[in-house]
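Engineer: Below is the structure I would like to discuss, written out as C-alpha cells.
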There are 2 protein chains.
Amino acid sequence: MGQEDGFKTQKRISTVSGNVLLPTTTSNGGIGGRRQQQRGRQIKKTFNNVKMTILCGFVTILVLRGTIGINFGTSNADTINQNLIEETNRLLSEIRSDSDPTDINEPPDSDLDLNMTYTLGPKIISWDKQRSTWLTQNQEFPSFVNGKAKVLLLTGSPPKPCDNPIGDHYLLKSVKNKIDYCRIHGIEIVYNMAHLDKELAGYWAKLPMIRRLMLSHPEIEWIWWMDSDALFTDMVFEIPLVRYENHNLVIHGYPDLLFDQKSWIALNTGSFLFRNCQWSLDLLDAWAPMGPKGPIREEAGKILTANLKGRPAFEADDQSALIYLLLSQKEKWMEKVYVENQYYLHGFWEGLVDKYEEMIEKYHPGLGDERWPFITHFVGCKPCGSYADYAVERCLKSMERAFNFADNQVLKLYGFGHRGLLSPKIKRIRNETTFPLKFVNRFDIRRRTTDKSV
Amino acid sequence: MGQEDGFKTQKRISTVSGNVLLPTTTSNGGIGGRRQQQRGRQIKKTFNNVKMTILCGFVTILVLRGTIGINFGTSNADTINQNLIEETNRLLSEIRSDSDPTDINEPPDSDLDLNMTYTLGPKIISWDKQRSTWLTQNQEFPSFVNGKAKVLLLTGSPPKPCDNPIGDHYLLKSVKNKIDYCRIHGIEIVYNMAHLDKELAGYWAKLPMIRRLMLSHPEIEWIWWMDSDALFTDMVFEIPLVRYENHNLVIHGYPDLLFDQKSWIALNTGSFLFRNCQWSLDLLDAWAPMGPKGPIREEAGKILTANLKGRPAFEADDQSALIYLLLSQKEKWMEKVYVENQYYLHGFWEGLVDKYEEMIEKYHPGLGDERWPFITHFVGCKPCGSYADYAVERCLKSMERAFNFADNQVLKLYGFGHRGLLSPKIKRIRNETTFPLKFVNRFDIRRRTTDKSV
C-alpha cells in the first residue's frame, strides 16, 4: 500500500444507473480531474477497508467460537460420550447438592456453643461391666474364637464420588485388598460411607464411628481403624495381639519422636487398634473436642502448630490432636498405649514401593517389617481429591505396584500371578493338575497362620 | 472485485531503481500504453492476492490452533485441573495398554483350534472323593459351622477403570453393600478383578473363577456368584439352603418360560449358587465351550438366537448358553437344578425401585420376595460402560435408592438412617443412651437370624 506513491491512478468511472453520479476523470488531469482521481482512490480504499473489516470479523468469530460454544461438527461417538458425561455430571451435582424435599421441615442444626466442650455422646461409665455381663448372657457371640480375639476392621470413604475420577477406582482396589486380607484372617469389615456427626467430618469422622461400633458390637474385642489409602502388602503377617494384653491402644510410631521431639508425625493414625473397653471410650471423649469443624478446629490447629514440631499451619487434624493429648496427659494415658514399630502397622510408602522386586527376591511374606512391609500407606497421595502432596504419576504407579504385590500373594493359591507389578493382567505360575488339593495344603495362607508360624 | 469492469485503470509506473524497468503508460493509451496498464493492474492484483493469502493463512492457523494445541490463556485453576485430568488419562492409557517390559520374551498365546472343544482345565473325575477325604483330614476347616453350610460369595469387575467415571463409584457402593450383607450372615467374599482365562473374558469370566474357587476352597460348600450390578435389598433374608439338599445349582427363573417358551430370559445368571461337587465341575465343563471369544462365540450366538425365544442377535452370552444347555440336555442336568422364584434371588429392578417407600410402610425385611426383595438387580444399567439399555438418570437414581434402602437396614443397629432414599446424608433415628446394649438385643440382625425367624 506504500507503493501507491509510485502510482498515479486515473479512473474512468461510468455512471451508475440510478442514484449516484460518480465523477469521471478526464484524460488529461487538471485540478477537477485530480479531485475526481482522489475520490476514486478513496472509494477503492473504502471498499478494501470494508473487505478487511468483514474478514477480521470472521476471524474474530472463529477465535471466539469456543467461548460462544459453536461447534463445527464432531463425530457421533464423541457426541454420545460427551452427552453421557454431561448427564452424569448433572446427576452427580444433584446427588451432591442433596436436594431432598423431606429436608424442608427439618429444623436447622444449632450452632455449636463454643463454651461447651464437644462430646461424642452421653457419658458412659460402666461399659466394661455392661459388656462382660452381655458376653456372659450371650455365649453364642463370644469375643474370642479358637483362642483368637475377634477383630473388626473399620475403613471407609466419603459418601460422594471422588473429585478425581480415578479416585473411586483406587478406593475399589483398596477395599478389595482389605477384603482379601480379612477373609484370610477371619476379620470382619465395616466400610463406612456416612458421616455420623456432621461436626466431625473428614479425617475426624472415624471417632464417632469407632465409638458407635464399640457400643453396637460388644462381641468385638478390637476395633481396627485403617485409612482407605493404606494397603495390606503382607498377606501372611498377623498382628501379635498377645503382645498387647495390657494395652488398649496400639498405634505405629516412635517414642523418641513423640516424647523428645514432640513431632507431629511421631504417631500415625492411619492404622491403629482400640480395645473395646471403658478406657477407649474415655480416650475418644478426650480426643474429640478439637475436632468440630469451624472456629474450634481452626483455633485448635493453631495450638497444635505452636506445640508440635514440624507441624504446618492448618486446622486441627486427628493425628496431631492425639499426639498433643497423649503428651499433655501422659501419666493418664500412656501406660495403656503401645507405640509399635517392630513391624509396619503403618508403612510410609515412599521408602518401600521401589523395593518390592528386591523383597520378592530376598525375603518372603510373614515378616511384616521393612523386609516385607505389613501395610504400605500412601500418605499424601489423595487419589480421591484434587490436591495431592506428591506427583500424580508417582502415586498412581506406586499404588498399582503395591496392589499387585499384595494380589500376587492372594493369587498364588489359585496358581496365578501378575505379569508385572504394573500389570493388571495375570498369568499361570504353575501347571494345572487333576489333584488340586496338594496345592491347597501348600499354599493356603490360612493353613500357615493356624500353624502360628509367624 | 467484480466492480473492476466498471473501472478502467490507467497507471503511471515510475521506474524502480535497479533491476526492473517497468512499463510506463502514456497519457493517451494506445496499445503499448494499454499493455502497461494491464501489467500495472496485474501487479496490484497480485499484491492484493498476497495480502489475502497471508490473511487466510492466519485464519487457518487460528481455526486449527485447538488441534495443534496452542492455547491463548486459561485460568490457573482450570489449567491445574486440566493438567491433572490429562495426566491421569495418560496414566490410565498406560495402565490399560499394559506395556510391561517383562512381556517381551513371553511367547504369544496360541490361537484356539476351532476343531477342539474348549476346556476349563484338565478333566477331574473324583472330586467328591478328593474333597470328602480332605475334609476328614482337616477338621479344623469344616464345611458346616453351627449347622450352617459355608458359603463363599464371588463377585467382581474388570481390572481397569470404568469408561464412565461414575461406574467405579457405583462398583464401590455395590461392594460395600455386599460386605454388609456378608458380614451379617457370615459369608466369605472373593472380589475378582483378574481374567483367569483370556478366552473367557467379559460375562464368561465367572466360569473359570468358580471352578478355581471350588478346587482351592474344599471347605466351602456353596459358591454363590453375584453380579456387580446386583444389590442386596433385604439384609435380613437368608437363602433357605436346607431346601436344596438334593440340588447342586440354585438359580432364579420360571419353569414355564424355560420349558414351554424356551425364552432367553427364563433363567438369570446374575445370581446363582453352585454346590462344590463333581456334578458342578461337569456342568461348568459342559457350559464353557460356547464362551471363547471370537468366531466361536459369534457362531454360538447365532445358534442361541435361532433357538431361544426373544433373543436378539449378538455373540453368545453365558445366560443364553446355560439355558440352551439345560434345554438340550434336560434329562442329564435338570434333576439337580432348582429353578427358584419364591423369593428374589434375582429381582429385576424396574418393577421394584419405585415401590420402596410403599414397602417400608407396609412390610418389613426378612421376606425376600416382591414385598421386600432380597436382591435388586440393575440389569441393563451398565454404570461402568458407555452404552446402557436404559436412561442414565433413571438408572443412577434407582441404584442410589436401592443402596440407601439397604443401607438403612444396616444403619438401624447404629441408630441412624438416610434422610431420604436419594440422600447420602444420614440422621439419628433414636436418641442415644448410656445403656446401648438393649438396642443391640433388639436390632442386631444376627440375633434375629440365629432365631431362624425367616
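Engineer: Tally the residues that are of a type in the set (Asp, Glu) and facing chain B (nearest Cβ under 7 Å), restricting the search to the stretch A:181-215.
Structural biologist: Going residue by residue through the stretch A:181-215, those that are of a type in the set (Asp, Glu) are A:188, A:197, A:199.
Pick out the ones that are also facing chain B (nearest Cβ under 7 Å) and you get A:188.
Summing the residues that are of a type in the set (Asp, Glu) and facing chain B (nearest Cβ under 7 Å) in the stretch A:181-215 gives 1.
Engineer: Follow-up question, since we're still on this one. Considering only the stretch A:285-307, how many residues are closer than 22 Å to A:Ser271 by Cβ and in a loop (DSSP other than H, G, I, E, B)?
Structural biologist: Count: 1.
Engineer: Would you confirm whether any residue within the stretch A:90-106 is facing another protein chain (nearest Cβ under 8 Å), at negative phi and modelled with pLDDT of 90 or more?
Structural biologist: Checked against the condition, which is being facing another protein chain (nearest Cβ under 8 Å), at negative phi and modelled with pLDDT of 90 or more, the stretch A:90-106 yields no hits at all.
Engineer: Which residues, counting only those in the stretch B:428-451, are surrounded by fewer than 18 Cβ atoms within 10 Å (Cβ to Cβ), more than 9 Å from chain A (Cβ to nearest Cβ) and in contact (Cβ under 8 Å) with a residue 24 or more places away in the chain?
Structural biologist: Within the stretch B:428-451, B:Arg448 is the sole residue that qualifies.
Engineer: Does A:Asn276 fit the bill of being polar (S, T, N, Q), farther than 17 Å from A:Ala321 by Cβ and buried (at least 24 other Cβ atoms within 10 Å of the Cβ)? Can you show your working first?
Structural biologist: On the way: polar (S, T, N, Q): yes; farther than 17 Å from A:Ala321 by Cβ: yes; buried (at least 24 other Cβ atoms within 10 Å of the Cβ): yes.
Taking the combined requirement at face value, the residue satisfies it.
Engineer: Can I ask one more? Is there a residue being under 15 Å from the mean Cα position of the chain (by Cα), within 12 Å of chain B (Cβ to nearest Cβ) and crowded, with 21+ Cβ neighbours inside 10 Å anywhere in the stretch A:360-383?
Structural biologist: yes
Engineer: B:Leu421 - would you say it is of a type outside the set (Asp, Glu) and part of a helix (DSSP H, G or I)?
Structural biologist: Details: of a type outside the set (Asp, Glu): yes; part of a helix (DSSP H, G or I): no.
No; evaluated as a whole, the condition is false for this residue.
Engineer: From B:Lys336, B:Lys412, which residue is more than 9 Å from chain A (Cβ to nearest Cβ), crowded, with 19+ Cβ neighbours inside 10 Å and farther than 23 Å from B:Thr155 by Cβ?
Structural biologist: Working: B:Lys336 fails: crowded, with 19+ Cβ neighbours inside 10 Å.
Selected residue: B:Lys412, the only one of B:Lys336, B:Lys412 that is more than 9 Å from chain A (Cβ to nearest Cβ), crowded, with 19+ Cβ neighbours inside 10 Å and farther than 23 Å from B:Thr155 by Cβ.
Engineer: Further, regarding this structure: Considering only residues that are closer than 30 Å to A:Glu432 by Cα and aromatic (Phe, Trp, Tyr), which ones fall in the stretch A:373-417? Talk me through it step by step, then tell me what you get.
Structural biologist: Taking the stretch A:373-417 as the starting set, the residues that turn out to be closer than 30 Å to A:Glu432 by Cα are A:400-417.
Listed by number, the residues that qualify are A:Phe403, A:Phe405, A:Tyr414, A:Phe416.
Engineer: Let me ask something additional. Test of understanding: among B:Val190, B:Val250, which residue is modelled with pLDDT of 95 or more, β-branched (Val, Ile, Thr), buried (at least 22 other Cβ atoms within 10 Å of the Cβ) and under 25 Å from B:Ser126 (Cα atoms)?
Structural biologist: B:Val250
Engineer: Cβ-Cβ under 6 Å, sequence separation 6+ or interchain: first residue in the stretch B:164-180 and more than 7 Å from chain A (Cβ to nearest Cβ), partner small (Gly, Ala, Ser). Which pairs?
Structural biologist: Qualifying pairs under 6 Å: B:Ser174/B:Ser228; B:Asn177/B:Ala406.
Engineer: Let me ask you something else. What about B:Pro218, is it touching a residue at least 24 places away in the same chain (Cβ under 8 Å), within 9 Å of another protein chain (Cβ to nearest Cβ) and either closer than 28 Å to A:Leu396 by Cα or acidic (Asp, Glu) (or both)?
Structural biologist: So B:Pro218 fails the test.
Engineer: Go through A:Lys412, A:Lys425, A:Lys397, A:Lys382 for me and flag whichever is closer than 26 Å to B:Lys160 by Cβ, touching a residue at least 40 places away in the same chain (Cβ under 8 Å) and basic (Lys, Arg). Steps first, please.
Structural biologist: Details: A:Lys412 fails: touching a residue at least 40 places away in the same chain (Cβ under 8 Å); A:Lys425 fails: touching a residue at least 40 places away in the same chain (Cβ under 8 Å); A:Lys397 fails: touching a residue at least 40 places away in the same chain (Cβ under 8 Å).
Answer to the check: A:Lys382.
Engineer: Which residues, taken from the stretch B:131-161, are at the interface with chain A (Cβ under 7 Å from one of its Cβ atoms) and touching a residue at least 24 places away in the same chain (Cβ under 8 Å)?
Structural biologist: First, pick out the residues of the stretch B:131-161 that are at the interface with chain A (Cβ under 7 Å from one of its Cβ atoms): B:134, B:140, B:159-161.
The answer is B:Trp134, B:Pro159, B:Lys160, B:Pro161.
Engineer: Can you spot a residue in the stretch A:255-272 that is closer than 19 Å to A:Ala149 by Cβ and in contact with a helix residue (DSSP H, G or I) (Cβ under 8 Å, 6 or more places away or on another chain)?
Structural biologist: Just the residues of the stretch A:255-272 that are closer than 19 Å to A:Ala149 by Cβ, to begin with: A:271-272.
Filter once more, keeping what is in contact with a helix residue (DSSP H, G or I) (Cβ under 8 Å, 6 or more places away or on another chain): none.
No: zero hits.
Engineer: In addition: Looking at B:Leu327, B:Leu345 in this structure, which one is within 26 Å of the chain's Cα centre (by Cα), of a type outside the set (Ser, Thr, Tyr) and at pLDDT 95 or above?
Structural biologist: Working: B:Leu327 fails: within 26 Å of the chain's Cα centre (by Cα).
Among B:Leu327, B:Leu345, only B:Leu345 is within 26 Å of the chain's Cα centre (by Cα), of a type outside the set (Ser, Thr, Tyr) and at pLDDT 95 or above.
A quick yes/no check of all residues on (1) touching a strand residue (DSSP E or B) at 6+ places or on another chain (Cβ under 7 Å); (2) on the phi < 0 side of the Ramachandran plot:
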site	(1), (2)
A:Ile360	no, yes
A:Gly366	no, no
A:Phe374	yes, yes
A:Arg401	no, yes
A:Tyr414	no, yes
A:Ile426	yes, yes
A:Thr433	no, yes
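Engineer: I've got another one for you. Among (1) within 19 Å of A:Leu120 (Cα to Cα); (2) more than 21 Å from the chain's Cα centre (by Cα), which single condition is A:Gly301 missing?
Structural biologist: (1)
Engineer: Might you let me know whether the stretch A:169-185 holds any residue that is within 25 Å of B:Glu188 (Cβ to Cβ), in the same structural domain as A:Leu213 (by the TED database), modelled with pLDDT of 95 or more and more than 25 Å from the chain's Cα centre (by Cα)? So that I can check it myself, show each step before the final result.
Structural biologist: Initial filter on the stretch A:169-185 (within 25 Å of B:Glu188 (Cβ to Cβ)): A:169-185.
Those left that are additionally in the same structural domain as A:Leu213 (by the TED database): A:169-185.
Add one more test, that the residue is modelled with pLDDT of 95 or more, and what stays is A:169-185.
Next, from what is left, pick out any that are more than 25 Å from the chain's Cα centre (by Cα): A:184-185.
Taking every residue of the stretch A:169-185 in turn, at least one turns out to be within 25 Å of B:Glu188 (Cβ to Cβ), in the same structural domain as A:Leu213 (by the TED database), modelled with pLDDT of 95 or more and more than 25 Å from the chain's Cα centre (by Cα).
Engineer: Within the stretch A:162-191, how many residues turn out to be farther than 18 Å from A:Cys381 by Cβ and not in a strand (DSSP E or B)? Give the steps one after another, and end with the answer.
Structural biologist: Looking only at the stretch A:162-191, we keep the residues that are farther than 18 Å from A:Cys381 by Cβ, and these are A:179-191.
Filter once more, so that each one left must be not in a strand (DSSP E or B): A:179-187.
Final tally of qualifying residues: 9.
The values are calculated or read from the model by the stated rules, or taken from the named source; none is laboratory data. Quantities reported herein were computed from a predicted structural model and do not represent experimental measurements. Every residue, glycine as well, gets a Cβ built from its backbone with ideal geometry; the counts of neighbours run over all protein chains shown.
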